[in-house]
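Following: one structure in structure tokens, then a few remarks.
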Amino acid sequence: MKKGFIFDLDGVIVDTAKYHFLAWQNLANSLGISFTHEQNEQLKGVSRVRSLEKILEWGNVSISQEKFTQLMSEKNEEYLKYISKMDTKEILPDVPKVLEYLQAKRQLIALGSASKNARAILEKVKLYNRFHTIVDGTNVSKAKPDPEVFLIGAKQLGVSPKNCIVFEDSVAGVQAANTVDMISIGIGDKNILHEADYVFKDFTEIGEDFVNQLIITKKV
Ligand code: G6P
Ligand code: MG
């Protein structure tokens, strides 16, 4: 049977949170707002617009719409400088192995990311061609935990949501998958991702037996 395997990008395939952190910290500090790693954690899976809104809320700072737009583009320019230096070494452990196994098993593979830079990042780490379809921040209007990004992915793969499996590192992403009865697999900390159907530290913990089980079982 063909299942739809949908991968988030940031924190699942590559660790870009460190680059988002540097760019957001620079922006926050320029406004006199402090920005910590804990706060950066809370921005995982959160869209660019919402991220800036949250930083301004944390700092109790209000700015004009014009300034908001300018800061968003400055943040992205800095982020893109880090992205431009990425290569295959930045792929998280065993991600290619799992993608290759799914391909060998003739499963359908999608990317489901909130990032507008997803395609550029996949090109940099040479994984672009591993996906049957890519749904990113340029294709959706509603951010996770809304399931829009995953529903579009499922539709483009031609698979019903209940036959999809989502790999996610953010709570919002796990919730998005659960909302539409997709199997949710959290990648990261069990305590944070406790709403997921399964949680693994990373892909090194995901063996072929588990993937085989995902191919044959349905969410109950
Ligand atoms: C992912 C990341 C977020 C980021 C969002 C938008 O969900 O986890 O931290 O804000 O994508 O990314 P973008 O590349 O479009 O700014
Ligand atoms: Mg993520």
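The values are calculated or read from the model by the stated rules, or taken from the named source; none is laboratory data. These figures come from a predicted structure and were not determined experimentally. Reconstructed Cβ throughout: ideal geometry from the backbone, glycine too, with neighbour counts over all protein chains shown.
Filter the range 142-175 for residues that are within 11 Å of ligand 1 (Cβ to nearest atom) and at pLDDT 95 or above; which is surrounded by the most Cβ atoms within 10 Å (Cβ to Cβ)? So that I can check it myself, show each step before the final result.
First, the residues of the range 142-175 that are within 11 Å of ligand 1 (Cβ to nearest atom): 143-144, 149, 168-170, 172-173.
If we keep only those that are at pLDDT 95 or above too, we end up with 149, 168-169, 173.
Values: VAL149: 26, GLU168: 30, ASP169: 24, GLY173: 32.
Per the stated criteria, the residue is GLY173.
Filter the range 178-199 down to the residues that are within 12 Å of ligand 2 (Cβ to nearest atom) and either surrounded by 24 or more Cβ atoms within 10 Å (Cβ to Cβ) or among the polar types (S, T, N, Q) (or both) and list them by number.
Listed by number, the residues that qualify are GLY186, ILE187.
How many of the residues in the range 24-48 are more than 18 Å from the chain's Cα centre (by Cα) and of a type in the set (Gly, Ala, Ser)?
Residues that pass the stated criteria total 4.
Does any residue of the range 65-74 turn out to be touching a residue at least 40 places away in the same chain (Cβ under 8 Å) and either farther than 25 Å from VAL180 by Cβ or assigned by TED's automatic domain parsing to the domain that holds VAL211 (or both)? Let's see the steps before the verdict.
Quick first cut of the range 65-74, residues touching a residue at least 40 places away in the same chain (Cβ under 8 Å) only: 71, 74.
Subsequent filtering for residues that are either farther than 25 Å from VAL180 by Cβ or assigned by TED's automatic domain parsing to the domain that holds VAL211 (or both) retains 71, 74.
Checking the range 65-74: at least one residue is touching a residue at least 40 places away in the same chain (Cβ under 8 Å) and either farther than 25 Å from VAL180 by Cβ or assigned by TED's automatic domain parsing to the domain that holds VAL211 (or both).
When residues of the range 90-111 are filtered for being in a helix (DSSP H, G or I) and touching a helix residue (DSSP H, G or I) at 6+ places or on another chain (Cβ under 9 Å), how many remain?
So in the range 90-111, the residues in a helix (DSSP H, G or I) come out as 90, 95-104.
From the residues that got through so far, the ones that are touching a helix residue (DSSP H, G or I) at 6+ places or on another chain (Cβ under 9 Å) too are 90, 95-103.
Selection size over the range 90-111: 10.
Could you list, in sequence order, all residues of the range 181-205 that are over 14 Å from ILE13 (Cα atoms) and hydrophobic (A, V, I, L, M, F, W, C)?
To start, the set of residues in the range 181-205 that are over 14 Å from ILE13 (Cα atoms) comprises 181-184, 189-199, 205.
MET182, ILE183, ILE192, LEU193, ALA196, VAL199 - these are the residues of the range 181-205 that are over 14 Å from ILE13 (Cα atoms) and hydrophobic (A, V, I, L, M, F, W, C).
If you scan the range 12-53, which residues turn out to be among the small types (Gly, Ala, Ser), modelled with pLDDT of 95 or more and under 22 Å from GLU90 (Cα atoms)? Reasoning before the result, please.
Restricting attention to the range 12-53, the residues satisfying the condition of being among the small types (Gly, Ala, Ser) are 17, 23, 28, 30, 32, 34, 45, 47, 51.
Subset that is modelled with pLDDT of 95 or more: 23, 28, 30, 32, 34, 51.
ALA23 - this is the single residue of the range 12-53 that is among the small types (Gly, Ala, Ser), modelled with pLDDT of 95 or more and under 22 Å from GLU90 (Cα atoms).
May I ask you to verify whether SER51 is under 30 Å from THR204 (Cβ atoms), surrounded by fewer than 13 Cβ atoms within 10 Å (Cβ to Cβ) and touching a residue at least 12 places away in the same chain (Cβ under 8 Å)? Can you show your working first?
Details: under 30 Å from THR204 (Cβ atoms): yes; surrounded by fewer than 13 Cβ atoms within 10 Å (Cβ to Cβ): no; touching a residue at least 12 places away in the same chain (Cβ under 8 Å): yes.
Here the answer is no, as SER51 does not meet what is asked.
Scan the range 1-57 residue by residue and report those that are hydroxyl-bearing (Ser, Thr, Tyr) and within 12 Å of ligand 2 (Cβ to nearest atom).
If we filter the range 1-57 for residues that are hydroxyl-bearing (Ser, Thr, Tyr), which is where we start, we get 16, 19, 30, 34, 36, 47, 51.
Correct list: THR16, SER47.
With the condition being touching a Ser or Thr at 6+ places or on another chain (Cβ under 6 Å), I'd like the helices (runs of 4 or more DSSP H) fully within the range 112-220 carrying at least 1 qualifying residues.
On the way: elements: 118-124, 148-157, 171-179, 208-216.
Once the helices (runs of 4 or more DSSP H) in the range 112-220 are filtered for at least 1 residues that are touching a Ser or Thr at 6+ places or on another chain (Cβ under 6 Å), what remains is 148-157, 171-179.
Working carefully through the options ASN139, ASN178, find the one that is over 21 Å from ASN117 (Cα atoms), at pLDDT 95 or above and assigned by TED's automatic domain parsing to the domain that holds LEU102.
Unique residue meeting the criteria: ASN178.
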